[in-house]
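Worksheet for the structure shown next.
The values are calculated or read from the model by the stated rules, or taken from the named source; none is laboratory data. Just so it is clear, the structure is predicted and the values come from calculations on it, not from any experiment. Positions of Cβ are backbone-derived with ideal geometry, glycine not excepted, and every protein chain shown enters the neighbour counts.
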Amino acid sequence: MELSSPDGHLKTDAAKAAWVKARLQDLAVAFSSGPKAEPLLLAAQWLFDSYAGRDELLSFVQAMIVLEILLGDKNIAEEIGLGALLRNRLAYMIGSSYRDRTELLEDFSSIYRVRSQIVHTGKHRLSSEERRLFLKLRWMCLRVMAKELELLKGDHQ
């Protein structure tokens, strides 16, 4: 098995051991945080299903549900719309600069448009550009989940 971090492949045994220890500590926090961790754990299940599935369109929708679980709020969504709510919360949660946020807002708008085509018009195939957006969507999910885990860690200590 080859382990890798967001920065690349882990080369040394010490780096691999440290990475595994950190991930196990993350799991311990998530599983011991009680009701506060329930949205994160549910989102993780949906993201896993997105990766495990063979139906690309269903996997796209499953990944979008991850963001709906973590960033959605039914009451606010009814006022401003779910897409706008998710888009803004996402950009401000994981964007680290004005440029990042602008790119995230644009990409998420495109991603949400694809999601709507799948759900509301029965879109049956992703184009190569939409597959790129799907990869970006999964990356967004991982980033939001990591931020949520950091919040849990802060509460846990």
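Structure values in brief
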{"item": "Search result, residues across segment 89-117 that are among the aliphatic types (A, V, I, L, M), within 14 Å of the chain's Cα centre (by Cα) and more than 13 Å from R143 (Cα to Cα)", "result": "I111"}
{"item": "Hey, S128 in the same structural domain as A43 (by TED's automatic domain parsing) and over 24 Å from D49 (Cβ atoms) or not", "result": "no"}
{"item": "Test: L70 is part of a helix (DSSP H, G or I), surrounded by 13 or more Cβ atoms within 10 Å (Cβ to Cβ) and free of Cβ contacts under 8 Å to residues at least 12 places away in the same chain", "result": "no"}
{"item": "Residue check for L86: under 12 Å from the mean Cα position of the chain (by Cα) and either in a helix (DSSP H, G or I) or outside the structural domain of C141 (by TED's automatic domain parsing) (or both)", "result": "yes"}
{"item": "Qualifying residue in segment 112-122 (condition: surrounded by 13 or more Cβ atoms within 10 Å (Cβ to Cβ) and within 22 Å of E150 (Cβ to Cβ))", "result": "no"}
{"item": "Matching entry among K153, K123, K136 (being basic (K, R) and not in a helix (DSSP H, G or I))", "result": "K123"}
{"item": "Condition check for L42: crowded, with 18+ Cβ neighbours inside 10 Å and at pLDDT 90 or above", "result": "no"}
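Table: residues versus (1) touching a Phe, Trp or Tyr at 6+ places or on another chain (Cβ under 8 Å); (2) within 17 Å of K153 (Cα to Cα); (3) assigned to a helix (DSSP H, G or I).
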residue: L40; (1), (2), (3): no, yes, yes
residue: M64; (1), (2), (3): yes, no, yes
residue: L90; (1), (2), (3): yes, no, yes
residue: F108; (1), (2), (3): no, no, yes
